[in-house]
Amino acid sequence: MSIRRRVFVAALGSAPILLLPRRALAAYPDRPIHLIVPFAAGGNADIVGRITGDLINKALGRPVVVENRGGGGGSIGAEFVARATPDGYTLLVGSNGPLTVEPFVHANVGYDPLKDFVAVALTRYVPHALILSDKIQAKTMTDLIAQSKNVAVTIATSGIGSATHMTLERLKAATGANLTHVPYRGGGALMPDLISGTVDGAITEFSTALPMHQAGQAHIIAIAALHRSKLAPEIPTFDEGGVKGFTAQSYIGVVAPAKTPADVVDKLQQAIAQGLSSGSPVAERLISLGSEVASPEQMTAKGFAAFIRADYENMREAAKLAGITPQ
């Protein structure tokens with residue numbers, strides 16, 4: 001074989017090796033992104049997930065496919081994402097359930113929320129609210145605590161081990177109030193009993209409680225937020241009611257599998273933050289639904305990671321107070 005031919009064959013043989021990194025070097029994203037909602041369609045996580053998917057699609061110019069993988073309080077979908085290739089093409093719509101509640105309620109969820117995910121951005125949160133039946137005399141936190149010293153006050157939540165149950169346990173510990181937990185199957189199920197006075201009150205999401213408050217069917221005495229809501233500025237925060245620094249919320253954000261490249265996380269974070277900037281149509285829509293849009297700091301990967309860690313520790317403490325052990 002001539003020298004020229006040997007060179008040609010050698011070059012031809014090496015060509016496939018040179019072509020292998022081509023996809024890896026392609027600019028992200030170069031194909032559809034899958035956004036996993038770990039709950040059934042139609043709920044808050046699904047609605048916000050689809051809004052978030054649209055923001056990513058518009059900013060990055062690639063389709064975002066929203067997939068509902070419900071079950072296990074969100075843990076089934078979360079485990080699926082935790083085990084996915086960390087390339088930015090499989091993301092999780094993360095919330096209290098799979099990230100900071102399920103690990104303290106169910107054993108062996110299949111992932112570690114603090115180690116198996118990297119935070120991308122918090123999108124929105126809804127403060128929890130304490131709403132009382134009009135059949136009860138208490139109209140303020142001070143009234144409620146005083147009344148509970150004489151007779152136990154029944155407070156409903158959306159179920160044992162739910163985020164609102166955890167808030168109730170933290171509130172009891174912070175105030176010393178004699179509040180008896182009455183668990184229901186979901187927030188909607190407790191509303192008729194609250195209105196009728198079968199239960200004295202409930203801790204639920206502010207967006208769920210607000211219509212009843214506005215209709216005069218029950219009254220919210222405090223919201224667990226840092227500031228009053230623009231939708232109902234007459235309602236004080238727990239802090240203003242004497243429970244200093246008390247906050248609690250249901251939140252939704254986006255996380256990716258651990259080891260997802262930092263530049264990919266940055267692109268996703270910027271896409272979300274851009275779409276939820278103050279005054280944007282999407283931000284205003286979320287506010288109109290009773291949500292609080294995340295602050296610019298909370299929308300950063302670092303800020304959302306700190307938010308998750310803080311809530312995780314709050315849930316750890318609440319589970320201890322409630323005597324909940326993973327089953």
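Against the longest principal axis of the chain, how steep is helix 3-19, in degrees 0 to 90 to the nearest 10, with axes from Cα atoms?
The two axes meet at around 10 degrees.
With a ≥ b ≥ c the root eigenvalues of the C-alpha gyration tensor of the range 104-191, is it rounded (a/c under 1.5), prolate (a/b larger than b/c) or oblate? Show your work: numbers first, answer last.
Working: a/c = 2.22, a/b = 2.11, b/c = 1.05.
It comes out prolate by the Cα gyration axes.
Per residue, how much space in cubic angstrom lies within the convex hull of the C-alpha atoms of the range 192-299? Don't jump to the answer; show the numbers that get you there.
Details: hull volume 14.9 nm³, N = 108.
Taking the convex hull of the Cα positions in the range 192-299, it is 138 Å³ per residue.
At 1.4 Å probe size, with every protein chain present, just tell me what the per residue accessible area of the range 165-301 comes to in Å². If you can, show how the numbers build up before the last one.
Values: 5830 Å² over 137 residues.
Averaged over the residues of the range 165-301, the accessible area is 43 Å².
When the gyration tensor of the range 274-327 is built from Cα positions, what are the square roots of 5 times its three eigenvalues, in whole Å, from largest to smallest?
Over the Cα atoms of the range 274-327, the semi-axes work out to 31, 14, 7 Å.
Which of Lys139/Lys320; Lys259/Lys320; Lys115/Lys244; Lys149/Lys172 have a Cα-Cα distance over 21 Å? Show your work: numbers first, answer last.
On the way: Lys139/Lys320 30 Å; Lys259/Lys320 32 Å; Lys115/Lys244 31 Å; Lys149/Lys172 12 Å.
From Lys139/Lys320; Lys259/Lys320; Lys115/Lys244; Lys149/Lys172, over 21 Å: Lys139/Lys320; Lys259/Lys320; Lys115/Lys244.
Taking the convex hull of the Cα atoms, report for the range 141-262 its projected area averaged over all directions, in nm². Kindly include the intermediate steps, with their values, before the conclusion.
On the way: hull surface 37.4 nm².
For the range 141-262, averaging the hull's shadow over all directions gives 9.3 nm².
For the range 133-176, which semi-axes, largest first and in whole Å, follow from the square roots of 5 times the eigenvalues of its Cα gyration tensor? Could you put the intermediate results ahead of the total?
Values: eigenvalues 78, 32, 15 Å².
Sorted largest first and rounded, they come to 20, 13, 9 Å.
How much of the DSSP beta bridge set in the chain is antiparallel, as a percent to the nearest 5? All intermediate terms of the calculation are to be shown ahead of the outcome.
On the way: 25 of 41 bridges.
Roughly 60 percent of the beta bridges in the chain run antiparallel, per DSSP.
Ranking request for peptides 236-244, 248-256: highest mean number of other beta-carbon atoms within 10 Å first, then the rest in descending order. Could the numbers behind the result be given before it?
Numbers: 236-244: 17.7, 248-256: 25.6.
Final packing ranking: 248-256, 236-244.
From the Cα trace of the range 74-140, what convex hull volume per residue do you get, rounded to a whole Å³? Write out the running numbers ahead of the final one.
Numbers: hull volume 9.2 nm³, N = 67.
So the per-residue hull volume is 137 Å³.
By how many degrees, between 0 and 90 and to the nearest 10, does the Cα long axis of helix 163-175 differ from the longest principal axis of the chain?
Helix 163-175 sits roughly 50 degrees off the main axis of the chain.
Taking only Cα atoms, what is the 0 to 90° angle, nearest 10, from helix 141-150's long axis to the longest principal axis of the chain?
60
Just to check, using Stokes-Einstein with a Kirkwood Rh over alpha carbon pairs, what's the diffusion coefficient of the chain at 37 °C and 0.692 mPa s in µm²/s?
Details: Rh = 21.3 Å.
Reported coefficient: 154 µm²/s.
Run through the range 258-315 and list the GluC sites (Glu not before Pro) located in a DSSP loop whose Cβ has at most 15 other Cβ atoms within 10 Å.
On the way: sites: Glu284, Glu292, Glu297, Glu313; in loops: Glu297.
Filter output for the range 258-315: Glu297.
The values are calculated or read from the model by the stated rules, or taken from the named source; none is laboratory data. Keep in mind that what you see is a predicted model, and the values were worked out from it rather than measured. Methodologically, a virtual Cβ is constructed for each residue, glycine included, from the backbone with ideal geometry; neighbour enumeration extends over all protein chains shown. Areas reflect the complete protein model, heavy atoms only, side chains present, ligands, DNA and RNA absent. Shrake-Rupley method; radii C 1.70, N 1.55, O 1.52, S 1.80 Å.
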